[in-house]
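The values are calculated or read from the model by the stated rules, or taken from the named source; none is laboratory data. Since the structure is predicted, the reported quantities are computational estimates derived from the model, not experimental observations. All Cβ positions, glycine included, derive from the backbone under ideal geometry; neighbour counts span all protein chains shown. For the accessible areas, the whole protein counts, side chains as well, though only heavy atoms, and no ligand, DNA or RNA atoms are used. Shrake-Rupley method; radii C 1.70, N 1.55, O 1.52, S 1.80 Å.
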Amino acid sequence: MLLIPCPYCGERPEIEFSYGGEAHVVRAPANATDAEWTAFLYQRSNARGSYAERWRHAHGCGRFFNARRNTVTDFFEQTYKIGEVPA
Amino acid sequence: MQKFSAFALAKEALSGQKGWDRQWRDAAPKPAYEAIIVGGGGHGLGTAYYLAKKHGLRNIAVLEKGWIGGGNTGRNTTIIRSNYLFDESAALYDHAVKLWEGLSADLNYNVMFSQRGVLMLSHNVHDEQVFKRHVHANRLNGVDNEWLSPEQAKSFCPPLNIGPGMRHAVTGAALQRRAGTARHDAVAWGYARAADALGVDIIQNCEVTGIDRDASGRISGVQTSRGAIATRRLGIVAAGNTSVLMAMAGQRMPLESYPLQALVSEPIKPIFPCVVMSNTIHAYISQSDKGELVIGAGTDAYISYSQRGALHISSHTLEAICELFPMFRRMRMLRNWGGIVDVTPDRSPIIARTDVPGLYVNCGWGTGGFKATPGSADLFAYTMAKDEPHRINAPFNLERFGAGRLIDEAAAAAVAH
Ligand SMILES: Cc1cc2nc3c(=O)[nH]c(=O)nc-3n(C[C@H](O)[C@H](O)[C@H](O)COP(=O)(O)OP(=O)(O)OC[C@H]3O[C@@H](n4cnc5c(N)ncnc54)[C@H](O)[C@@H]3O)c2cc1C
Ligand SMILES: [Zn+2]
């Protein structure tokens, strides 16, 4: 089980969190083409290595935040609040 | 290729087993191939075999970064069944089951396909409705599947607990009798040996690190840890690593890769006659011919390439196993591992051409592609040889996401295996 540093509450065990998938995927505008909608809804970088992703501290403060985690080692490089720019 | 037969076995038994050949050559890469398959799992090796056998291609290589069968093919719980809900899926998975039925003879290699039956347990009204709907849909598609009462399920699988004290009572089960298991390693080795005999080069310890395209955008070759190799026809069959490889050709995929775990117990005498799955409390179990209980757990919540899952995931499955089969409560688990599964939004695979000329992809099998190995390989070989899909895999294209024509087995089953 991972220990995840919530930017509000500090390190907590993984089972307190829910996963939100890739971060910084920008919503397609209402007049987007089918290709743009496909990219927004379905395509993900699914990177092997450093990955930006969303988490929610569902059984804690309840808040969403972003993280950068290495998907090979599972090591959390950093977590940051929504709206913050990663270091 | 030296044929396996009762006669050959007897002869070798008498002469100290010294006369067996290598099963396949340890090939070194040639400068160019007519077709290259990336990924030496069952699907990739099978694709090479069918390309050579059914489509007459001779100059084919399978590139594998580690050892063949070392990916999900060698890590899975080997459940084979075809009782999927939608017409497209039933046709796809049943095509595979039909090939499984003749595979040992076709490859002259015992893949130990055992149609011992797969029992899928229902624990509540919702399960019952979903499974009965599957039973009816399957029957309309000519796929066997039947509904059993708890008592009938217990007589089919005597270790099953259907007693009143259960937290998640068994309210019935769907049984596919033609379903079962096969020996995972034998599938990789059998295809490798048969493909090698048709001249396919199986190149291990050869990681693909780049994909080359010519001025027109067409595939022209690959960069590997063992040098550059030219080809104009490239098939990516890399399971959890598909997104990484497709990114080398500038393609973003509708895939996410998750660790999926399994574990085996200490070996015991034959006790467990079939395969039992419970999607609701998340456990799958069968007994291997070596005697180990083979148990499948769930995926981790997050994307990872770590090839190991979290302990709380496997503990959760073991709790379910202990409740369903109280007689296993005191058994010890010997090994626990993970594989990286590539999951699509609709939990159906992609066996298709891509927007890049000469580039084909077979992926998205997620948590449940072992069962499809021969069918997937056969259809992907067809697609690569003819540059167009076979009728059966035509719906499993990349365009279905943009077009909204999902084959939503995720919604149909909630879990796939
Ligand atoms: C724990 C677990 C349990 C499962 N249980 C079942 C089950 O009961 N029933 C079922 O039907 N399915 C099951 N599955 C799913 C099944 O294992 C897979 O869908 C199937 O085996 C995929 O086969 P494959 O040949 O496509 O992939 P793999 O066997 O993973 O082969 C892909 C190969 O590509 C290689 N590769 C990757 N990147 C590169 C590169 N850059 N260069 C060269 N080679 C590369 C890898 O090393 C690997 O050997 C399970 C999976 C897991 C992990
Ligand atoms: Zn918090």
re chain A: pairs of Cα atoms spaced beyond 19 Å account for a percent value of 43
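Only loop residues by DSSP count here, and only those with at most 16 other Cβ atoms within 10 Å; note down the GluC sites (Glu not before Pro) in segment B:32-141 that meet that.
Working: sites: B:34, B:64, B:88, B:101, B:128; in loops: B:34, B:64.
Sparse-neighbourhood loop GluC sites (Glu not before Pro): B:34.
Between residue B:247 and residue B:133, what is the FRET efficiency for a Förster distance of 41 Å, r being their Cβ-Cβ separation, to the nearest 0.05? Don't skip to the end; give the middle numbers.
Values: r = 39 Å, r/R0 = 0.94.
With a Förster radius of 41 Å, E is 0.60.
With runs of 4+ DSSP H residues as the only contributors, calculate the mean residue ellipticity of the protein assembly as shown at 222 nm using -39,500 (n - 2.57) per run, divided by the residue total and rounded to the nearest 500. Working shown, then result.
Numbers: 12 runs with 133 residues, N = 504.
Estimated from H runs of four or more residues: -8000 deg cm²/dmol.
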A correct Karplus calculation of ³J(HN,Hα) over segment B:87-95, with 6.51 cos²θ - 1.76 cosθ + 1.60, θ = phi - 60°, whole Hz and x for Gly and Pro, returns 4, 4, 6, 4, 5, 5, 6, 6, 4
About its Cα centre, chain B carries a charge dipole, from +1 on Lys and Arg Cβ atoms and -1 on Asp and Glu Cβ atoms, whose size in debye to the nearest 20 is 740
Projecting the Cα atoms of B:115, B:282, B:348 onto the charge dipole of the protein assembly as shown, where Lys and Arg contribute +1 and Asp and Glu -1 at Cβ, the residue farthest towards the positive end is B:115
Longest principal axis of chain B (C-alpha) makes with the long axis of helix B:184-197 (C-alpha) an angle, in degrees to the nearest 10, of 20
Calc'd 3J(HN,Hα), segment A:76-87, phi into Karplus 6.51 cos²θ - 1.76 cosθ + 1.60 (θ = phi - 60°), Hz, glycine/Pro = x, comes to 7, 6, 6, 10, 8, 6, 4, x, 7, 8, x, 5
At the level of C-alpha centres, the distance separating segment B:204-218 and segment B:1-65, in angstrom, is 24
Looking only at lysines whose Cα falls under 19 Å of residue B:154's and that sit 8 or more positions away or on another chain, we get B:132
Sorted list, accessible surface of protein heavy atoms, 1.4 Å probe, largest first, for A:37, B:365 is A:37, B:365
Residues whose built amide H sits under 5 Å from the amide H of residue B:350, excluding neighbours closer than 5 in sequence, are B:363, B:364, B:365
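Roughly how big is the protein assembly as shown's charge dipole about its Cα centre, with Cβ charges of +1 (Lys, Arg) and -1 (Asp, Glu), in debye to the nearest 20? List each step's numbers first, then the result.
Numbers: 53 positive and 47 negative charges, 159 e Å.
Magnitude of the dipole: close to 760 debye.
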Residues of segment A:1-40 that bury at least 30 Å² of accessible area, probe 1.4 Å, when all protein chains are present rather than the chain alone, are A:1, A:14, A:19, A:38
For the pair residue A:27 and residue B:205, the simple spin-label estimate (label points 7 Å beyond Cα toward Cβ) gives in nm 5.3
Excluding residues fewer than 8 positions from residue B:18 in its own chain, the lysines with Cα under 29 Å of it are B:3, B:290
Residues whose built amide H sits under 5 Å from the amide H of residue B:212, excluding neighbours closer than 5 in sequence, are B:220, B:221, B:222, B:223
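Please get the size of the charge dipole for chain A, origin at its Cα centre, with Cβ charges of +1 on Lys and Arg and -1 on Asp and Glu, quoted in debye to the nearest 20.
The calculation lands at about 100 debye.
How much net charge surrounds residue A:13 when only the other residues with a Cβ under 15 Å from the Cβ of residue A:13 are counted, with Lys and Arg +1 and Asp and Glu -1?
Values: positive: A:12, A:56; negative: A:11, A:14, A:16, A:74, B:300.
Neighbourhood net charge equals -3.
Relative contact order, percent, of segment A:3-81 when contacts are C-alpha pairs under 8 Å separated by at least 6 residues? Don't skip to the answer; put the middle values down first.
Values: 128 pairs, mean separation 23.9, N = 79.
The value is 30 percent.
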Ignoring ligands, DNA and RNA, the residues of segment B:235-256 whose accessible area with a 1.4 Å probe is reduced by 50 Å² or more relative to the chain alone are B:252
Log entry, pair B-A: total buried accessible area, probe 1.4 Å, protein chains only, in Å² rounded to 100, is 2000
With all protein chains present, the protein assembly as shown has a carbon and sulfur share of its accessible area (1.4 Å probe) in percent of 53
